[in-house]
1. Which is among the aliphatic types (A, V, I, L, M), part of a helix (DSSP H, G or I) and open to solvent by 90 Å² or more (accessible area, probe 1.4 Å), of Leu41, Leu50?
2. Between Ala28, Ala24, Ala35, Ala13, which is under 30 Å from Arg70 (Cα atoms) and either hydrophobic (A, V, I, L, M, F, W, C) or open to solvent by less than 80 Å² (accessible area, probe 1.4 Å) (or both)?
3. What are the residue pairs meeting all of these: first residue in the stretch 57-68, first residue closer than 10 Å to Glu46 by Cα, second residue of a type in the set (D, E, K, R), Cβ atoms under 7 Å, and 6 or more apart or on different chains?
4. For Leu10, only one of the following conditions fails: (1) of a type outside the set (Lys, Arg); (2) at pLDDT below 95; (3) under 22 Å from the mean Cα position of the chain (by Cα). What is its number?
5. Six or more apart or on different chains, Cβ atoms under 8 Å: show the pairs whose first residue is in the stretch 23-42 and more than 30 Å from Ile53 (Cβ to Cβ) and whose second is of a type in the set (D, E, K, R) and open to solvent by less than 70 Å² (accessible area, probe 1.4 Å).
Amino acid sequence: MDEYHLGKVLEQARLESMQQKEMAEERARVAQDLADRNEALRVIFEASPLGIITASQDGAIDRWNRAAER
């Protein structure tokens, strides 16, 4: 492989590496955003003075807050 083609291959590899890094960073940001939103919903769920009960698609109760126990 001549120097020109080797340079092109190396440049392509560098670009692909940068893209993979950017995608990994974006996945990490999305995962953190999801975790933050889930935590906010958990706090609302637990702090609600109203009873909240959740069920799976088949109708099985899978979660409830303290207000629902009253």
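The values are calculated or read from the model by the stated rules, or taken from the named source; none is laboratory data. All of these numbers come straight from a predicted model, not from anything done at the bench. Cβ sites come from the backbone with ideal geometry, for glycine too, and all protein chains shown count toward neighbours. Ligands, DNA and RNA are excluded from the accessible area calculation, which covers all protein heavy atoms including side chains. Shrake-Rupley method; radii C 1.70, N 1.55, O 1.52, S 1.80 Å.
1. Working: Leu50 fails: part of a helix (DSSP H, G or I).
Only one candidate passes the filter, namely Leu41.
2. Working: Ala28 fails: under 30 Å from Arg70 (Cα atoms); Ala24 fails: under 30 Å from Arg70 (Cα atoms); Ala13 fails: under 30 Å from Arg70 (Cα atoms).
Step by step, each of Ala28, Ala24, Ala35, Ala13 is checked, and only Ala35 is under 30 Å from Arg70 (Cα atoms) and either hydrophobic (A, V, I, L, M, F, W, C) or open to solvent by less than 80 Å² (accessible area, probe 1.4 Å) (or both).
3. Asn65/Glu46
4. So the condition that Leu10 fails would be (3).
5. none
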